[in-house]
Every structure is written in C-alpha cells, then in structure tokens.
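**Q** The following block contains the structure, expressed as structure tokens.
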Amino acid sequence: MLRALGDFEFREIDLDASDAGGHAVAVGSWWAARAHDEGVDVAGAVIPRLRRSFDRVVGLDQETGVAVGFRPDVLHELDAVIKPNAVYRDPSLYGRFLGAQTPDGAWTDSKAPTRPLAPAPDDLGKLHLGPPCFITETGPMRAVRRRLLSPLPRLAHALADHALATAVRPLRAARPPRFTVHFRGSLTHIQRADALRRIAAAGLSFRGGITPGLGTRAIAPERARALMDELRAEGLVVDRIPHWRYRLGIRECKAVLSLVGHGELCYRMGEAWAARRVLVCQDLSHLRMRFPLEAGRNVVYCRPDLSDLVAILDDIEVNFARYVSIAEQGHADWRAWSAQSIDVLRAGFAPLYARG
C-alpha cells in the first residue's frame with residue numbers, strides 16, 4: 001500500500017548487485033525464518049552485510065499475532081521492528097506462549113509456558129507499533145487498493161463500495177435487526193468452532209458459520225480436518241459467498257462477532273464499525289494499537305476463554321436499546337479514524353523512512 005501511495009520507492013534487492021544500497025532495508029520475519037531453516041546466519045552474516053550498504057536495517061514482523069516473529073538473535077541486530085496490529089502493554093508477556101498461538105484463551109496468564117527463545121527485554125524497545133490489519137477496510141485504503149486494479153474491475157469495486165457505504169443507516173432500538181449476531185470465517189483458530197457451538201447450543205439466532213479452508217492455529221492439521229467434519233455434521237459449515245453478500249448479511253444482525261484467528265485482531269472489526277453494528281470481541285485491553293478501542297464505548301468485550309460470550313449476546317438480543325449507542329459511537333470513531341488512515345499507515349511504517 002505504501003508503494004501505491006507513491007511517496008516511496010520500494011524495490012527488492014540482490015545482495016550481490018552493485019546497486020544494492022539506500023537509506024533503509026526491510027527484512028521480513030518470514031524470510032528470516034526460512035533462511036534460518038536453510039542454515040543461513042541472518043544475525044551474524046546477513047544483517048552485517050546489509051549494514052555496509054544501508055543506513056538502517058528494519059525488521060518487518062509478519063507474525064499476525066502479538067508475539068514477536070523474529071528470533072531473539074535477529075531482533076538484537078535490527079535497528080527497529082515494525083510490529084503491525086498491536087503490542088503488549090506489559091512487555092513481560094512476550095516471554096510466554098499466549099494469545100493467538102494458544103488454543104484456550106490464555107491471553108495474559110502469568111502461569112502460561114515460557115518461551116525457550118524469548119526476546120531480550122532491552123530489545124523489546126525496538127518494537128514500533130504498526131497499523132492494525134483492519135486499516136485496509138477504510139475508504140481511503142480501499143481507494144488505494146483500487147489503484148492497483150485494471151480500469152473495469154476498479155470501477156466495479158468503486159461502485160460496490162459506494163453502494164454498501166450509502167446503504168448504512170443508524171440503528172433503531174424500535175426496529176432492531178432480525179438476527180442477534182453475525183460471524184462468517186474460516187477455521188483459523190479452534191476458538192472459532194467453540195464460539196459457534198456455544199451460540200448454536202444457546203439457541204441464539206446468527207448469520208454465518210465456518211467456511212471451508214484449513215490452516216488452523218494451535219492444533220495439528222489432522223485434528224483440524226476432523227473438527228471440520230464434526231462442524232459440517234452439526235450444520236455449522238457454510239459455503240463461501242461474494243464479499244458484497246457477506247457485507248449485506250452483517251446488516252441483518254445486531255452485533256458482529258470478531259474472534260481470534262491467526263492473530264488477535266481481525267478485518268471483521270472494521271467491517272462491524274463500518275456497518276454500524278455492535279462489535280463483540282475477546283478482551284484486548286492488554287494490547288496497545290493505533291485505534292481508540294474502549295470497552296463499553298465502541299466495543300463490547302467478552303472473556304478470552306469465551307465463558308461469558310453467550311450471556312453477552314443474549315443481553316444484546318434482549319436489551320438491544322442499551323447497546324445502540326455503542327454501535328453508533330463505534331461507527332463515529334471509525335469514520336473519524338478512517339479519514340486519517342493514510343497518516344496512520346505512514347506513522348506505522350515510519351522506521352523505513354525516518355531519518356536520524
């Protein structure tokens with residue numbers, strides 16, 4: 001997206017090329033992990049080599065969860081690390097297996113297993129908070145993405161975005177949407193299956209289900225396949241649908257449920273605010289991010305282990321009038337933040353172009 005904004009020159013480099021050099025170079029955590037697996041000494045050989053040609057060596061953490069995606073030795077050698085989505089308010093949490101990388105909602109448990117390769121406390125100061133993933137759902141960012149399309153698809157996407165945006169209307173307690181909650185997503189985390197089973201067992205009305213596709217976090221692939229078969233037998237697996245139909249389905253619900261997947265944050269958060277619906281998600285108060293998230297103001301938190309999820313959704317269904325203001329405030333905050341989203345994106349990637 002930064003490339004599409006036209007303010008920066010980005011290019012892949014060949015370390016052996018004579019013109020390999022510049023102000024800053026980004027090292028992706030996925031690349032660094034693959035290189036290590038292939039026997040490459042990223043910390044001791046690659047980064048020192050990059051320093052001979054670049055002023056700054058910046059890590060781009062591609063881990064979608066809050067955990068650091070770089071090995072401690074690599075993190076130590078980098079000048080800064082752009083950490084999209086969120087960072088822990090308590091740095092000590094980086095030393096444990098928590099959050100999206102665990103199956104049971106242990107997000108801040110001080111008794112969680114420690115990481116054998118935990119980041120050094122002094123190196124955690126290099127983490128630079130990047131933009132949250134749902135920034136891609138703002139109007140300005142969607143316009144940037146459309147620039148990358150050919151003319152006809154660009155026009156079609158622009159018309160669809162305009163139609164969906166103009167169809168959004170304020171919620172009215174006197175005429176609430178038909179369904180309680182909306183959730184449609186793939187089985188990227190086992191807690192998604194847990195949540196849907198709880199909702200279905202409670203008899204709450206919902207739109208959506210689990211869509212086909214594996215890649216489930218924190219459990220083995222064979223267990224994920226067996227779980228999908230179980231969910232299909234329970235009627236909780238649904239087909240994929242076009243994005244416009246997905247967005248229209250949200251309008252039929254009072255609330256939108258955002259659940260942990262590969263990471264703690266999800267694009268669904270932005271979709272909920274944009275649609276003027278009550279966002280319900282697992283408690284994120286232990287995280288810092290570039291969005292003014294506040295429980296009871298623009299979001300409703302449930303416990304990370306989902307133990308109170310049904311009670312919260314039931315209260316939204318029965319006492320919807322109490323939650324309309326949360327949906328409206330979320331929408332207002334979303335619009336204000338969206339208007340600044342290009343600046344948020346630039347601030348999040350500042351280590352790549354900041355001088356000094």
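The values are calculated or read from the model by the stated rules, or taken from the named source; none is laboratory data. Given the structure is predicted, the values throughout are model-derived calculations rather than measurements. So basically every Cβ, Gly included, is an ideal-geometry build from the backbone, and we count neighbours across all protein chains shown.
**Q** Would you be able to say whether some residue in segment 76-93 is under 18 Å from the mean Cα position of the chain (by Cα) and either of a type in the set (Phe, Trp, Tyr) or over 28 Å from Val25 (Cα atoms) (or both)?
**A** Within segment 76-93, the subset under 18 Å from the mean Cα position of the chain (by Cα) is 81-89.
Next cut, either of a type in the set (Phe, Trp, Tyr) or over 28 Å from Val25 (Cα atoms) (or both) only: 88.
Checked segment 76-93: at least one residue is under 18 Å from the mean Cα position of the chain (by Cα) and either of a type in the set (Phe, Trp, Tyr) or over 28 Å from Val25 (Cα atoms) (or both).
**Q** Moving to a separate point now. So which pairs qualify, if the first residue must be in segment 109-120 and without any contact (Cβ under 8 Å) to a residue 60 or more places away in the chain, the second must be assigned to a loop (DSSP other than H, G, I, E, B) and aromatic (Phe, Trp, Tyr), the Cβ gap must be under 9 Å, and the two must be at least 6 apart or on different chains?
**A** Ala112/Phe97; Pro113/Phe97; Thr114/Phe97; Arg115/Phe97; Pro119/Phe70
**Q** Can I ask one more? Of (1) out of contact with any Asp or Glu (no Cβ under 8 Å at 6 or more places or on another chain); (2) surrounded by fewer than 15 Cβ atoms within 10 Å (Cβ to Cβ); (3) within 20 Å of His189 (Cβ to Cβ), Asp104 satisfies all except one. Which?
**A** (1)
**Q** Also: So if I check each of Arg184, Arg172, Arg217, which one is among the basic types (Lys, Arg), under 23 Å from Asn85 (Cβ atoms) and at pLDDT below 95?
**A** Numbers: Arg184 fails: at pLDDT below 95; Arg172 fails: under 23 Å from Asn85 (Cβ atoms).
Result of the check over Arg184, Arg172, Arg217: Arg217.
Here is a yes/no grid of residues against (1) assigned to a loop (DSSP other than H, G, I, E, B); (2) in the same structural domain as Arg34 (by TED's automatic domain parsing); (3) touching a strand residue (DSSP E or B) at 6+ places or on another chain (Cβ under 6 Å); (4) not acidic (Asp, Glu):
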{"position": "Ala67", "(1), (2), (3), (4)": "yes, yes, no, yes"}
{"position": "Phe70", "(1), (2), (3), (4)": "yes, yes, yes, yes"}
{"position": "Asp73", "(1), (2), (3), (4)": "no, yes, no, no"}
{"position": "Val81", "(1), (2), (3), (4)": "no, yes, yes, yes"}
{"position": "Asn85", "(1), (2), (3), (4)": "yes, yes, no, yes"}
{"position": "Ser92", "(1), (2), (3), (4)": "no, yes, no, yes"}
{"position": "Pro103", "(1), (2), (3), (4)": "yes, yes, no, yes"}
{"position": "Trp107", "(1), (2), (3), (4)": "yes, yes, no, yes"}
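**Q** Kindly check whether there is at least one residue in segment 122-131 that is more than 25 Å from Leu306 (Cα to Cα) and in a loop (DSSP other than H, G, I, E, B).
**A** At the first step, the residues of segment 122-131 found to be more than 25 Å from Leu306 (Cα to Cα) are 122-131.
From the residues that got through so far, the ones that are in a loop (DSSP other than H, G, I, E, B) too are 130-131.
For segment 122-131, residues more than 25 Å from Leu306 (Cα to Cα) and in a loop (DSSP other than H, G, I, E, B): present.
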